[in-house]
Amino acid sequence: MALSEELYTQKEAMLYSQRIAQLSKALWKAVEKDWQQWIKPYDLNINEHHILWISYHLKGASISDVAKFGVMHVSTAFNFSKKLEERGFLKFSKRDDDKRNTYVELTEAGTELIIEMNKNYHNTYHSVLEGSLALKDLYGRFPDFLDVMAVIRNIYGEDFIDIFERSFQHFRDSFDTLEERTPVKG
């Protein structure tokens, strides 16, 4: 019997697996619907938006990085990036010190699109956000999902979490910069 099998019963393992599967599927369905409604006016699909978002926050990411952080196959990341390049939102490049990898970067039009989408975020309904407001009211903040982050770290590795944290720090910083430049109405 393996050590891991001694730490839990088959019943516990199956109940946990089914619980997380059902909850993840239910949450993903809501996230997917919210995301699709938000990006629909821009004629983007979720993979395309995700690639733009990753490219915006990781500045000059490789296709491999986009695939890893976007949790998609490299060919999916490349093919959707090609479509975004054709629309003028992304540009491809190689680096002198790294000819093997292909890098993507937002064009000015791609950057403007991301900023516009962010400004129009509240133009659509977001069930996940609405469903989280009671927790924010109760605890004074949105859930951190620390236990989920720990599971993701164990599945995808420290690099994934590092990229996640770095991109969200850039997101926070860019939001602060945008707020500084946007006059307050009142």
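The values are calculated or read from the model by the stated rules, or taken from the named source; none is laboratory data. All values reported here derive from a predicted model rather than from experimental measurement. All Cβ positions, glycine included, derive from the backbone under ideal geometry; neighbour counts span all protein chains shown. SASA here: full protein model, heavy atoms, side chains in, ligands and nucleic acids out. Shrake-Rupley method; radii C 1.70, N 1.55, O 1.52, S 1.80 Å.
Some values worked out for this structure:
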| quantity | calculated |
| --- | --- |
| Residue within region 115-135 that is hydrophobic (A, V, I, L, M, F, W, C), farther than 30 Å from residue 26 by Cβ, modelled with pLDDT of 95 or more and surrounded by 13 or more Cβ atoms within 10 Å (Cβ to Cβ) present | no |
| Test: residue 147 is acidic (Asp, Glu), surrounded by fewer than 18 Cβ atoms within 10 Å (Cβ to Cβ) and at pLDDT 95 or above | no |
| Pairs where the first residue, in region 72-93, is of a type in the set (Asp, Glu) and the second is loosely packed, with under 15 Cβ neighbours inside 10 Å, C-beta under 8 Å, 6+ apart | 85/92 |
| Residue that is farthest from residue 117 (Cα to Cα), among those in region 68-77 that are modelled with pLDDT under 95 and open to solvent by less than 20 Å² (accessible area, probe 1.4 Å) | 69 |
| Filter result for the condition that a residue is assigned to a helix (DSSP H, G or I), of a type in the set (Gly, Ala, Ser) and more than 20 Å from the chain's Cα centre (by Cα), over 77, 109 | 109 |
| Within region 1-66, helices (runs of 4 or more DSSP H) holding 2 or more residues that are of a type outside the set (Gly, Ala, Ser) and surrounded by 14 or more Cβ atoms within 10 Å (Cβ to Cβ) | 10-39, 46-58 |
| Residues of region 31-67 that turn out to be within 13 Å of the chain's Cα centre (by Cα) and under 17 Å from residue 112 (Cα atoms), as a count | 11 |
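Matching residues to (1) of a type in the set (Lys, Arg); (2) outside any helix (DSSP H, G or I); (3) closer than 30 Å to residue 17 by Cα:
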position: 114; (1), (2), (3): no, no, no
position: 128; (1), (2), (3): no, no, yes
position: 132; (1), (2), (3): no, no, yes
position: 153; (1), (2), (3): yes, no, yes
position: 176; (1), (2), (3): no, no, no
